[in-house]
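Asker: Handing you a structure now.
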Amino acid sequence: MKTRALTIVSIVAAVALSAGCTAVYRNSNACEAKMRSAASEEASTETLKIAHTGAGIDGTRVVVEGTFEHVMTAAEAASEAKAAAPAARGVRTPASAPLAAGKPKKVVKAAAVECTFDTTGLTSFHWLAPITLAKPASEAAGESAE
């Protein structure tokens, strides 16, 4: 009788302890999925690549880091070529060389989001980078109040 009770108590304790640990992974996966869906809506022309997911405080705060990548367009190459003053006329600048050679240059921008969770689930989601998607805390608070 004592052995059975000890076994049951041990199993219940193991399940209870492991349930707290899985919240970290569950919240990390939820934040990553939310980042992918938000990226498909807000930056649909760029490819999102996840590099790192970090969770803290028992999974209540999760930061997902990655990059947005896209092929440089002709307009971007032209503006980059204007910014870098050529040394002499007729000399190709490094910015226009990849497009002229038929090898498109990739543009890579950092991307990061922060998610916070409580016992009910996701409570906040906001972009940390790139600056075009990140909003100051005052703007984000104003939008959520509306």
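Asker: Among what's in the range 57-80 and is of a type in the set (S, T, N, Q) and open to solvent by 60 Å² or more (accessible area, probe 1.4 Å), pick the residue that is nearest to residue 124 (Cα to Cα). It would help to see each step written out before you state the result.
Answerer: Step one: filter the range 57-80 for residues of a type in the set (S, T, N, Q), giving 60, 67, 73, 79.
Still in the list and also open to solvent by 60 Å² or more (accessible area, probe 1.4 Å): 73, 79.
Details: 73: 34, 79: 37 Å.
Among those residues, the one meeting the criterion is 73.
Asker: Out of the residues in the range 118-137 that are polar (S, T, N, Q) and more than 30 Å from residue 70 (Cβ to Cβ), state the one that is modelled with the highest pLDDT.
Answerer: Initially, the range 118-137 is screened for residues polar (S, T, N, Q), giving 119-120, 123-124, 132.
Of the ones still in play, those that are also more than 30 Å from residue 70 (Cβ to Cβ) are 119-120, 123.
Working: 119: 87, 120: 89, 123: 94.
Among those residues, the one meeting the criterion is 123.
Asker: So, one more: Quick check on my filter: what residues within the range 24-41 are more than 14 Å from residue 123 (Cα to Cα) and free of Cβ contacts under 8 Å to residues at least 40 places away in the same chain?
Answerer: Answer for the range 24-41, where residues must be more than 14 Å from residue 123 (Cα to Cα) and free of Cβ contacts under 8 Å to residues at least 40 places away in the same chain: 24, 25, 26, 29, 32, 33, 36, 37, 40, 41.
The values are calculated or read from the model by the stated rules, or taken from the named source; none is laboratory data. This one's a predicted model, so the numbers in the text were calculated from it and none came from an experiment. We place every Cβ from the backbone using ideal geometry, glycine too, and count neighbours over all the protein chains shown. Ligands, DNA and RNA are stripped out before the accessible areas are found, and what is left, the full protein with its side chains, is counted by its heavy atoms. Shrake-Rupley method; radii C 1.70, N 1.55, O 1.52, S 1.80 Å.
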